[in-house]
Amino acid sequence: MNNSLSSTARLLGAGLRALLVLTVICGVIYPLAVTGVAQALFNDKANGSEIKSRGKVVGSELIGQTYNLPKKDPNSAEEAAVPDLKWFQPRPSNGLGTNSVNTQYSLILSGATNRSGDNGAVDGRCPTDAKDAEDGTLCKWVVEAKAAVVKGNSVPGYKVKPSDVPADAVTSSGSGLDPDISPEYAKLQIHRVAEKNHLSVAQVEKLVADNTDGRILGFMGEPTVNVLKLNIALKALTGK
């Protein structure tokens, strides 16, 4: 009996010691070590890839933002957002559909439309006129978005052709939160941004070129333009 109690006590003691040691190693030392290495070697990424402007954090290079005019009624859920055309615009953000809570780059959730590329197509092609497209379909969204891009970016002396509109100008990303646009979409917006900010086209072209990131290691991925970084540079150029 005494031997049994003694063995049980030894086992309990060994288990408690192991629990204490593993708690200290796995719950304290390891997290502190990983955090220390991350802060020392990858400080920017470890802190959320924050982007600062004039000493203040204005966003993250990983999450997109909208650039809209202020609403007449800030509390209105029905009032449609109107893009502020002085700024470069990001990709559409309604990744979960027009009735989702993710219509304004909301971080509540993210996701794609879950609609196929020919959703709403007629004879394998989307209608060219939004009036001919079925409501609630991907084709309807794309046709309306393309018309808005053509209208919003056409200025005196520069007319945007529907064929010039790249895919990322009219479709959201898989998450609906993409912070980047293609160089083609950025270039399409140059004349409009130049006119709205009283800048020369050459000035804005250089701005886009300076903020275009190439392929990783020269061959992986596609060139991209981070919209937040580009608009911060635009703000510095205009002095606003």
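Every read-out reported here was derived from the displayed coordinates using simple, explicitly stated rules and does not represent laboratory data. Bear in mind that the values here come from a model prediction, so they are computed numbers and not experimental data. Here the Cβ positions follow ideal geometry from the backbone for every residue, glycine too, while neighbour counts run over all protein chains shown.
TYR158 sits among other residues whose Cβ lies under 13 Å from its own Cβ, and their net charge, with Lys and Arg +1 and Asp and Glu -1, is +3. With axes computed from alpha carbons, what is the tilt in degrees of helix 2-24 against the longest principal axis of the chain, rounded to the nearest 10 within 0 to 90? The angle comes out near 30 degrees. Positive contributions from Lys and Arg (+1) and negative ones from Asp and Glu (-1), summed over other residues with Cβ under 13 Å from the Cβ of ASP213, come out at -2.
The C-alpha atoms of the chain define a longest principal axis, and helix 30-41 lies at about 40 degrees to it.
Here is the short version for the chain: CYS26 have no other Cys C-beta closer than 4.7 Å. Other residues with beta-carbon under 13 Å from the beta-carbon of PRO127 carry, at +1 per Lys or Arg and -1 per Asp or Glu, a net charge of -3.
Taking the Cα centre of the stretch 50-238 as reference, the dipole from Cβ charges on Lys and Arg (+1) and Asp and Glu (-1) amounts to some 660 debye. When the alpha carbon gyration tensor of the stretch 1-89 is reduced to an equivalent ellipsoid, its three semi-axes come out at 57, 20, 8 angstrom, largest first.
Estimated from the Cβ-Cβ distance and a Förster radius of 41 angstrom, the FRET efficiency linking LEU16 and VAL122 is about 0.05. One chain, two ends: ASN43 and GLU144. Fully extended at 0.36 nm per residue, the span grows by 32.2 nm beyond their Cα-Cα distance.
Would you mind checking the tilt of helix 201-210 against the longest principal axis of the Cα atoms of the chain, expressed as 0 to 90 degrees and rounded to 10? Once rounded, the angle reads 20 degrees.
The calculated FRET efficiency for the pair VAL28 and THR8, based on their C-beta separation and a Förster distance of 22 Å, comes to about 0.15.
One equal scatterer on each Cα of the chain, no solvent, Debye formula: the resulting log10 I(q)/I(0) at q = 0.07, 0.10, 0.14 Å⁻¹ is -0.37, -0.61, -1.03. Given R0 = 41 Å, the distance between the Cβ atoms of PHE219 and ALA81 translates into a calculated FRET efficiency of 0.60. The alpha carbon centroids of the stretch 1-46 and the stretch 193-240 are separated by 50 Å.
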